[in-house]
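Below is one structure, written out as structure tokens, with a few remarks after it.
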Amino acid sequence: MISIVIAVVLSFVCATNAYAIRSNSNMRVSSKLHGVKSKSVPFLDAPKNLGKGLVGDKGFDPLGFTDYISPVYLREAELKHGRVAMLGALGFGITDFIKLPGDVHNVSPVEAHDAFVDNGALGQVFFFVAAIEAVSIVAIKQTMDGSGRTAGDLGLGELTGFGKLDEKKQSDLQLKELENGRLAMIAFGGMVTQAVLFAKPFPY
């Protein structure tokens with residue numbers, strides 16, 4: 001059963017990646033702006049396909065990913081990874097202070113992965129994430145088809161009050177989320193590395 005789910009999820013991911021690359025194929029002709037330098041890497045040319053209104057765009061694409069993949073698709077992926085990293089950094093650290101009942105929960109964050117594999121809990125996480133990914137693929141395709149959906153929008157604007165804010169406040173909050181997500185991705189890697197190397201609780 002798990003192998004079937006994995007195959008389905010991978011097929012969705014591959015299809016979406018192919019769509020993202022195909023929709024960006026018309027951007028390959030001239031990938032750099034001649035004479036214009038990147039704001040974030042001044043000694044490199046500015047990527048042609050950036051600088052088109054994405055919040056938090058600093059012209060950073062030294063490897064040229066946006067020459068082949070839509071910046072909108074990449075922003076969707078960046079936001080998703082940033083959100084997961086923010087939750088992951090919080091969860092990784094808080095387990096040293098709060099313990100749930102049961103032996104399975106009384107392990108270090110580093111040991112938690114193997115413990116959850118052994119008791120099957122990680123399988124539940126996989127199915128939950130797979131379900132979310134299957135739904136989000138539809139939203140991503142709509143965004144890339146020009147539906148007007150903003151990358152990363154989960155449709156919770158009315159519930160959270162975000163949709164009632166003016167455009168400037170929305171942009172400010174989007175920028176804060178993006179930059180906190182970028183920081184969290186780096187921080188989570190550092191937290192895990194230190195926890196593994198030094199085998200100490202927070203702050204490792």
Quick query: amide H of residue 46 versus all other amide H atoms, modeled in the peptide plane; which residues come in under 5 Å with a sequence gap of 5 or more or a different chain?
33, 36, 37, 38
Over segment 61-155, calculate the relative contact order: mean separation of alpha carbon pairs under 8 Å at least 6 apart, over the residue count, as a percent.
33
Name the residue from 108, 81, 64 whose Cα lies farthest towards the positive end of the charge dipole of segment 60-110, charges +1 on Cβ of Lys and Arg and -1 on Cβ of Asp and Glu.
108
If you project the alpha carbons of segment 71-198 onto their three principal axes, what span does each projection cover, largest first, in Å?
48, 28, 28
In whole Å, how far is the Cα centre of segment 122-145 from that of segment 93-113?
27
Trypsin sites (Lys or Arg not before Pro) restricted to segment 79-135 and DSSP loop, no more than 13 other C-beta within 10 Å
99
Could you compute the net charge surrounding residue 199? Neighbours are other residues with a C-beta less than 13 Å from the C-beta of residue 199; K and R count +1, D and E count -1.
-1
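Each reported figure results from applying straightforward, stated rules to the coordinates on display, with no laboratory input. Predicted, not measured: the structure shown is a model, and the values here were computed from it. Cβ: placed from backbone, ideal geometry, glycine included. Neighbour counts: every protein chain shown.
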